[in-house]
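Worksheet: the structure to be examined is printed underneath.
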């Protein structure tokens, strides 16, 4: 059985599922199983769709059998699809130590990143000037689809002709969840996008990070549909493969935190520095934390140390505690050297506090609390 996660492809508004066929073929060639969502709001039933719920149900219908079969899932959302994806995957987020599979990561391509309670229209401050609404059937269509979405695609006019009207209700429907705050994610910024300009994409990423999202970014010099641009298909595939591989090194799952809200990982630092800290300090502990006799829990640190993180190993054996203690110190020092080289030791520094062992009742508990200080 393949260890690769199933990839759920979620196309943007107006895009039929077939728009993702070229990308799916490339991913299949790399051994991935792919499934593409067909949105009810972008179908012959569009005029009867009155909310986001039907689209969310269509997404969940693809994810559910994968999760129940014990497979991990990565969801790739393009453009408007960030709305139903972030609102709809919450119940399928993989549980730490669970026997079932689950959603382990989100990948966004020039995607909408909504806050809870906000719609696409409200987030962007009103209707786009290129919206053409059909009041008679309650749909909307872009005025210049080729120019907006496919201007750099060789057969862009052909792809533009395949687009379909979308239900107007889904542009004003509010987000009901923010999965990007509960899962690690990566965002592919399209620098020559004419539909969602690059600076708007970056603003959404920055806002998500400020709210606690662990979201990486990469950039491509393409328009809104990068996988269809000549020579860029494999570039997008490699970005996806990188995102899939990185999820194996992540140790936390926000949904496992009892009575806790959003997990903030060093929220006062620039996002690149937070990600570097995460990726370099902790990956050596993956095997230890995956040991079946141990349970790992991540909890948000309390003020005034909100920029700290804590790891708690419950029922950890003394030999394992010793190994984690030795490795954590070595990895922390290595990480400091790399971070200073990348960002300058004058502005950023890491202080690794000693690890200590507590014994509340019968449990053996290890806490490791590095502290980040900044000059900003």
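Read-outs throughout are calculated quantities, based only on the coordinates presented, and are distinct from any laboratory measurement. These figures come from a predicted structure and were not determined experimentally. Because the Cβ atoms are built from the backbone with ideal geometry, glycine has one as well, and the counts that use them run over all protein chains shown.
Listed values, structure above:
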| quantity | calculated |
| --- | --- |
| Ranked list, fewest to most other Cβ atoms within 10 Å of each Cβ, for 130, 80, 239, 39 | 130, 239, 80, 39 |
| Label-point separation, residue 44 to residue 133 (7 Å along Cα→Cβ), nm | 2.7 nm |
| Residues 119, 79, 87 arranged by fewest to most Cβ contacts within 10 Å | 119, 87, 79 |
| Spin-label model distance (nm) - residue 60 vs residue 122, 7 Å beyond Cα toward Cβ | 2.1 nm |
| Per-residue Cβ neighbour rank within 10 angstrom, fewest leading, 20, 112 | 20, 112 |
